[in-house]
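Input: a single structure, listed below in structure tokens.
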There are 2 protein chains.
Amino acid sequence: MTEIDVQDLVAGAREGRPRAVARLISLVEGASPRLREVMAALAPHTGHAYVVGLTGSPGVGKSTSTSALVTAYRRAGKRVGVLAVDPSSPFSGGALLGDRIRMGEHAGDPGVFIRSMATRGHLGGLAWAAPQAVRVLDAAGCDVILVETVGVGQSEVEIAAQADTAVVLLAPGMGDGIQAAKAGILEIGDVFVVNKADRDGADATVRELNHMLGLGEARKPGDWRPSVVKTVAARGEGVEDVVAALDKHRAWMEERGELNARRTRRAAREVETIAVTALRERIADLRGDRRLTALAERIVAGGLDPYAAADELIEGVTGP
Amino acid sequence: MTEIDVQDLVAGAREGRPRAVARLISLVEGASPRLREVMAALAPHTGHAYVVGLTGSPGVGKSTSTSALVTAYRRAGKRVGVLAVDPSSPFSGGALLGDRIRMGEHAGDPGVFIRSMATRGHLGGLAWAAPQAVRVLDAAGCDVILVETVGVGQSEVEIAAQADTAVVLLAPGMGDGIQAAKAGILEIGDVFVVNKADRDGADATVRELNHMLGLGEARKPGDWRPSVVKTVAARGEGVEDVVAALDKHRAWMEERGELNARRTRRAAREVETIAVTALRERIADLRGDRRLTALAERIVAGGLDPYAAADELIEGVTGP
């Protein structure tokens with residue numbers, strides 16, 4: 001792939017061509033050597049999209065909820081991107097047949113991009129790759145990007161926390177409240193959705209949730225009080241309430257400069273992760289290298305201590 | 001502490017003063033800001049000691065075996081250092097009463113240094129602190145340093161593998177063979193000791209061990225074939241055989257230049273670990289720093305991509 005191809009792809013993505021978007025995400029996901037070039041070309045076209053993270057235990061109806069949100073946003077004339085992230089799956093690139101079927105109603109819609117992403121073997125983990133894929137969808141002109149994660153592990157929580165607004169999905173009678181608390185999900189949720197609210201126990205789950213949110217660390221006056229919304233996503237019920245809750249959270253953040261502050265904190269963490277990973281790789285690349293061996297030999301001979309050697313090594317990997 | 005103090009301590013340690021040795025190890029263990037200075041001052045006086053790592057499951061008689069080895073080496077006129085490392089213990093600095101009691105017979109011997117080390121909270125973990133403490137004992141004129149680790153976890157295996165010769169202790173009828181194989185101990189053992197050999201099943205354990213060693217990856221001609229020795233350490237039985245096996249392994253390594261090669265590989269890994277940790281810390285120190293925030297703000301504004309930002313950050317932490 002030549003320099004021109006990346007520029008072409010970015011131009012194609014900005015025109016909303018699904019193939020260009022898909023290829024760019026593949027480059028990001030595969031940690032292509034051209035990744036830096038891709039990200040540099042995308043940067044000027046990012047910052048427009050509102051990023052919503054959705055997480056929750058298996059069975060709460062994440063895909064159905066995501067699909068219902070897409071419908072709601074499309075009705076409002078928004079361009080929508082969906083990134084379905086599965087940290088445990090070896091499949092990616094839209095290979096998740098289940099998602100495709102559930103998202104099938106949006107398949108022919110040129111205003112919707114849907115992409116599945118897996119993590120296995122990804123350099124630095126998915127928590128690092130997902131924001132780059134979000135930038136692709138952002139540059140492609142999406143107004144809203146829904147990042148859906150499967151499961152409630154640490155990675156999922158991290159990915160959802162990278163969003164502008166984090167939505168935590170629960171369902172009645174699954175003991176989700178307690179599980180969620182364990183995974184640190186109560187801390188990251190800006191909006192809580194109790195889906196399958198036509199089932200027994202929906203009100204009890206809402207009560208439990210409100211109780212646990214109240215038990216959380218004391219909020220300062222002016223802090224965001226997470227919304228709790230009931231839905232039956234499969235019938236589209238309550239989905240407009242979710243959109244309203246998201247709009248409210250976004251407006252609340254924008255009023256206070258919190259949206260920008262949150263994005264800045266997120267970018268800072270991202271840069272830190274990339275820098276540490278890059279440096280660790282540069283040093284690992286020196287394994288078996290003559291310079292490292294020479295330093296080690298001097299240590300063994302008593303002519304150098306390991307800290308001074310590490311300084312020399314660092315100079316070697318960070319010089320011009 | 002002034003510059004002169006470190007030099008004084010090192011001079012004191014070289015004269016074999018226990019207090020100077022103890023204070024230097026405390027500086028190492030506590031990751032003192034003067035650590036670099038300490039290591040630089042020690043370096044010219046290291047490389048003399050033969051380092052033996054001892055590991056094995058709880059109950060195999062590690063402390064008793066270590067103590068018996070100290071006795072044997074003292075009888076041969078050697079100066080001996082003992083470093084008892086417990087990766088899970090919050091205690092250190094010789095605070096392990098049990099060890100003190102078991103090692104009690106050597107308490108008044110000026111030719112023996114005994115030190116317990118714990119890891120909790122140590123920067124970079126014990127696998128990093130232990131070799132520095134070994135250098136202190138080395139500079140203090142020890143001919144042999146016994147590094148005893150408690151347990152058979154990954155850290156213990158790493159610490160034992162940092163030795164010139166790794167001794168793996170087992171006892172009859174504890175199913176140790178299988179457990180050891182799981183923890184990767186069979187791969188690191190240069191000498192295997194079946195202690196408590198007066199108990200039922202000792203010969204079966206030796207057979208199982210020989211069988212498992214035989215099943216290991218095919219050795220190249222000339223590779224070291226691990227020794228298997230039976231002991232009853234509590235009565236001193238077989239301990240001279242262990243010393244003989246250690247001597248044999250050491251001679252074997254020296255003949256082939258393998259001792260130096262092993263120490264060089266070990267020093268290279270150590271330098272790598274120190275360098276990566278130092279760089280990670282330098283970057284973490286920038287959390288909340290104006291430079292990192294400024295980079296993050298440019299990313300959010302679309303004026304910079306996170307990879308280019310990471311490059312700038314790296315330049316910032318590695319410059320002169």
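The values are calculated or read from the model by the stated rules, or taken from the named source; none is laboratory data. Note that the structure is a prediction, hence the values are computed from the model and not measured. Note that we place each Cβ from the backbone using ideal geometry, even for glycine, and neighbour counts take in every protein chain shown. These area figures cover heavy atoms from the full protein model, side chains too; ligands, DNA and RNA do not enter into them. Shrake-Rupley method; radii C 1.70, N 1.55, O 1.52, S 1.80 Å.
A few points about this structure:
- Yes/no for residue A:288 being open to solvent by 50 Å² or more (accessible area, probe 1.4 Å) and on the phi > 0 side of the Ramachandran plot: yes
- Helices (runs of 4 or more DSSP H) fully within the range A:115-213 counting 3 or more residues that are modelled with pLDDT of 80 or more: A:126-139
- Of all the criteria given as (1) away from every other protein chain (no Cβ under 13 Å); (2) open to solvent by less than 20 Å² (accessible area, probe 1.4 Å), the one not satisfied by residue B:211 is (2).
- Every residue from the range A:229-257 that is within 27 Å of residue A:75 (Cβ to Cβ) and not in a helix (DSSP H, G or I): A:229, A:230, A:231, A:232, A:236, A:237, A:238
- Per-region count, the range B:245-257, residues surrounded by 15 or more Cβ atoms within 10 Å (Cβ to Cβ) and more than 14 Å from chain A (Cβ to nearest Cβ): 6
- Odd one out for residue B:234 among (1) open to solvent by less than 40 Å² (accessible area, probe 1.4 Å); (2) of a type outside the set (D, E, K, R); (3) in contact with a Ser or Thr (Cβ under 7 Å, 6 or more places away or on another chain): (1)
- Selection from the range B:249-280 of residues that are out of contact with any strand residue (DSSP E or B) (no Cβ under 7 Å at 6 or more places or on another chain) and charged (D, E, K, R): B:254, B:255, B:256, B:258, B:262, B:263, B:265, B:266, B:269, B:270, B:272, B:280
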